[in-house]
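Note sheet for the following structure.
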Amino acid sequence: LSLGTNDIWGSLLTGEQTIAGLAQVFDALSDKPLIYIPITPRSFVDADKVSYALQVNRWAAAQQSVRRNLIVIERAVDAIIDPTSTQFVAASGLLDGAVHWNNAGAVKVGAAIAARLSGLYPGRARMVSFAGDAYPTNNASNQLLPSPILSGTSGGKTATGGGTAPT
C-alpha cells in the first residue's frame, strides 16, 4: 500500500485525519499481510503538510509493533530524500515533476522494498542457463521467450526500435 500522500497534499486533510483513514484501511485488511510505503518526499514544501506527512509516517512505523501483519518500508523515504536539505524534499532527478517518482526514483524505492523483504522470501534464480529452458521446449518452464538466451536465428531476437539484434 502507498496511501496518505493525496489525503494531505490533495484533500488537505490533517495528519490526524489521514491517520484515521489509514487505520480504517489497516483494520479492514487485518487478516492480510500488508506492506506499507510511507509518504515520500515531494519537490515542494509546505510546513504544515510536511509535519502531517512526518506524523503519519511515525504513526505507521509504530503500528508495526501492534499489527503483526504490517511491514512499513521506512527506507523508501530515505531512498529518495535529499539528505542535504533541511526540508522534506526529494533529491534532484527522482520525481516526474513535483509529485510522483520517475523511473530513477522508482528504482530506488524498489531497491528499498527489496532490501526490507529479502529475508522474508526465499530467493529464486530467474536466469535461464540453456536454450531448452523455455516454455515452447519444456512446458514446466515459466520462461516464455522461445529463445531465452537470445541465440539462434529466430524467436527471441529483435531489432525493433532501430537496434541490432543480438547474435
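Within segment 64-75, being buried (at least 18 other Cβ atoms within 10 Å of the Cβ) and over 18 Å from the mean Cα position of the chain (by Cα) holds for one residue alone: Arg67.
When segment 111-143 is examined, which residues are found to be part of a loop (DSSP other than H, G, I, E, B) and of a type in the set (A, V, I, L, M)? Step through it out loud before you land on a result.
Quick first cut of segment 111-143, residues part of a loop (DSSP other than H, G, I, E, B) only: 118-143.
Leu120, Ala125, Met127, Val128, Ala131, Ala134, Ala140, listed by residue number.
Among the residues of segment 2-36, those identified as small (Gly, Ala, Ser), exposed (fewer than 14 other Cβ atoms within 10 Å of the Cβ) and modelled with pLDDT under 95 are Gly10, Ser11. Selection of segment 8-21 for residues being of a type outside the set (S, T, N, Q) and either under 18 Å from the mean Cα position of the chain (by Cα) or under 14 Å from Asp46 (Cβ atoms) (or both) yields Ile8, Trp9, Gly10, Leu12, Leu13, Gly15. For segment 1-54, a tally of residues being more than 20 Å from Leu70 (Cα to Cα) and among the aliphatic types (A, V, I, L, M) returns 6. Entry remark, segment 90-104: residues being within 19 Å of Asn57 (Cα to Cα) and open to solvent by less than 20 Å² (accessible area, probe 1.4 Å) number 1 in total. Condition check: open to solvent by 50 Å² or more (accessible area, probe 1.4 Å) and over 24 Å from Ser30 (Cα atoms). Does Asp82 satisfy that? Criteria not met by Asp82. If you filter segment 37-46 down to residues that are free of Cβ contacts under 8 Å to residues at least 40 places away in the same chain and within 17 Å of Val107 (Cα to Cα), you find that the one that is surrounded by the fewest Cβ atoms within 10 Å (Cβ to Cβ) is Pro38. Do the conditions hold for Lys49, that is, is it buried (at least 20 other Cβ atoms within 10 Å of the Cβ) and out of contact with any Ser or Thr (no Cβ under 9 Å at 6 or more places or on another chain)? So Lys49 fits the description; yes.
What is the residue count in segment 85-107 for residues that are touching a strand residue (DSSP E or B) at 6+ places or on another chain (Cβ under 8 Å) and part of a helix (DSSP H, G or I)? Please lay out each step first, then the result.
Step one: of segment 85-107, the residues touching a strand residue (DSSP E or B) at 6+ places or on another chain (Cβ under 8 Å) are 88-91, 94-95, 98-99, 101-102, 105.
Applying the additional criterion that residues be part of a helix (DSSP H, G or I) yields 105.
Qualifying residue count for the region: 1.
The values are calculated or read from the model by the stated rules, or taken from the named source; none is laboratory data. As the structure is a prediction and not an experimental result, all values here were calculated from the model. We place every Cβ from the backbone using ideal geometry, glycine too, and count neighbours over all the protein chains shown. Just so you know, the surface numbers come from the protein's heavy atoms only, side chains and all, with ligands and any DNA or RNA stripped out. Shrake-Rupley method; radii C 1.70, N 1.55, O 1.52, S 1.80 Å.
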